[in-house]
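Contents: one structure, followed by commentary.
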Amino acid sequence: MSIYSAEFMLDVIGAGATAKSTQDWRTVWRESCEFEEMQRQITDIHTTGRIHPPVQAAYTPTSWLYQMHVLLHRNTIAFWRDPTYIMSKMVLNAIGGLFIGVTFYHSADSQQGTLNKIFAVFIPTVLCVPMGGQIQVQFANMRSVYEIRERPSKMYHWSALVTAQILAEVPWGIIASSLLFCTWYWAVGFDTSRAGYTYLMLGVLYPLYTSTFSQAIAAMAPRAEIATVLFSPFVSFVIIFNGVLQPYALLGWWQWMYRLSPFTYLLEGIIGYAAGNSLLTCSPLEYVTIVPPEDRTCSEYMNLFISYAGGYLLDPTATSACSFCPFRTSEAYLESNFNIKYDNHWRDMGVFVGFIVFNIVMVYVLTYFFRIRSGSLLPSFLRRK
């Protein structure tokens, strides 16, 4: 029959209810060989510690790249296990693109048709509002896990988490915007030869801007609900002052806001390239009727004006009534009414990429100042004075 080890130990040292001990176990231990060996080991540890310099311990036990790799894998798996988030993003873009494409189905190359194409490009950018709200919820939830559980244990650096969150959104955003592009571009009636640049702007760069912009705003907020409130005025500024709802010529002294809106460059690039630099044919209702002097043809009467202002005549040889179209090309219509130029499309892409880079930098900066850094900024400013 086996003896219970705890009871045996208590009996040996005389600590049981009826046990008695005739030995002083403290003295036995201090006079034993085991005690001498332990003292020797302790002395060796102290001696070695005095000889070698102190070890500089890192903030985290693993490298930054390894942390980012593991966190990116975790975030990707988290998105994959959240079909509601993924499917809502896909359905929003696919149905939205299909609805816009059917609304402006095969827009003509007239003044009204060109205006329809402008709004066919503008309306998809408004989808950044619901998509931004979805992104901010995911960003805030993952950050809460870090702040509550993982930051105190110093499992990884906060910048690795931010990097993983930014990268994890990229493929899903591009896939969703690709669905938007496929259900929208050809339905509106844009030229297939110009699809490449348009896809690069709307299918790749636009979702990158939306995700980084939403995350930069969420970095300032403690919760997703507050991030949505902060997101509204910023996105309203971007949408209102991009030159479509408020054309550049009507802005007056507010034109500086037109230059600050990232969507100014997104829309000018897409509209100028996809709808510009092509012939424009006025519909019958868009012609302006002008009566020429007697014994003069429309061409003789209007040529000097047309050479200066542009446009064309439906029948240059007519003598009774001149049907005049103010614009010969879509380029002239876009530049005159919306300050959109075909030649600026590569410049617009570069500026828009600059806004994306700025958003990425602000995600890190705002995360540090609002969620990582402790203390107030006021004492630092006072010390400088």
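Read the figures in this text as sums done on the coordinates, not as results from a lab. Just so it is clear, the model here is predicted, and its values are computed rather than measured. Virtual Cβ from ideal backbone geometry, glycine too; neighbours counted across all protein chains shown.
Quick notes on this one:
- Contour minus Cα-Cα distance for residue 341 and residue 257 (0.36 nm per residue): 28.4 nm
- Alpha carbon centroid spacing (whole Å) that separates the range 310-347 from the range 102-130: 20
- Percentage relative contact order, the range 260-325, counting C-alpha pairs under 8 Å, at least six apart: 34
- Listed residues 145, 126, 170, most fluctuating in the chain (Gaussian network, C-alpha, under 10 Å): 145
- Farthest toward positive dipole pole in the chain [+1 Lys/Arg, -1 Asp/Glu at C-beta], among 75, 126, 366: 366
- Ascending count of other beta-carbon atoms within 10 Å, so fewest first, for 298, 182: 182, 298
- Rg to Rh, two decimals, where the chain supplies the alpha carbon set and Rh follows Kirkwood: 1.33
- Unit charges on C-beta of K, R, D, E only; dipole of the chain, Debye: 1220
- Ranking 92, 195, 153 by Cα position along the charge dipole of the chain, where only Lys, Arg, Asp and Glu carry charges on their C-beta atoms, puts 153 farthest toward the positive end.
- The range 284-326: Rg to Rh, with Rh as the Kirkwood radius over Cα pairs: 0.93
- CD proxy at 222 nm, helix term only [per DSSP H run n ≥ 4: -39500 (n - 2.57); per residue of the chain; nearest 500]: -20500 deg cm²/dmol
- Using a cutoff of 8 angstrom between alpha carbon atoms and counting only pairs six or more residues apart, the relative contact order for the chain works out to 17 percent.
- Footprinting exposure proxy for 193, 177 (fewest neighbouring C-beta atoms within 10 Å first): 193, 177
- Unpaired cysteine residues in the chain (no second Cys Cβ under 4.7 Å): 33, 128, 182.
- Our estimate of slack between residue 299 and residue 31, defined as 0.36 nm per intervening residue step minus the Cα-Cα distance, is 84.1 nm.
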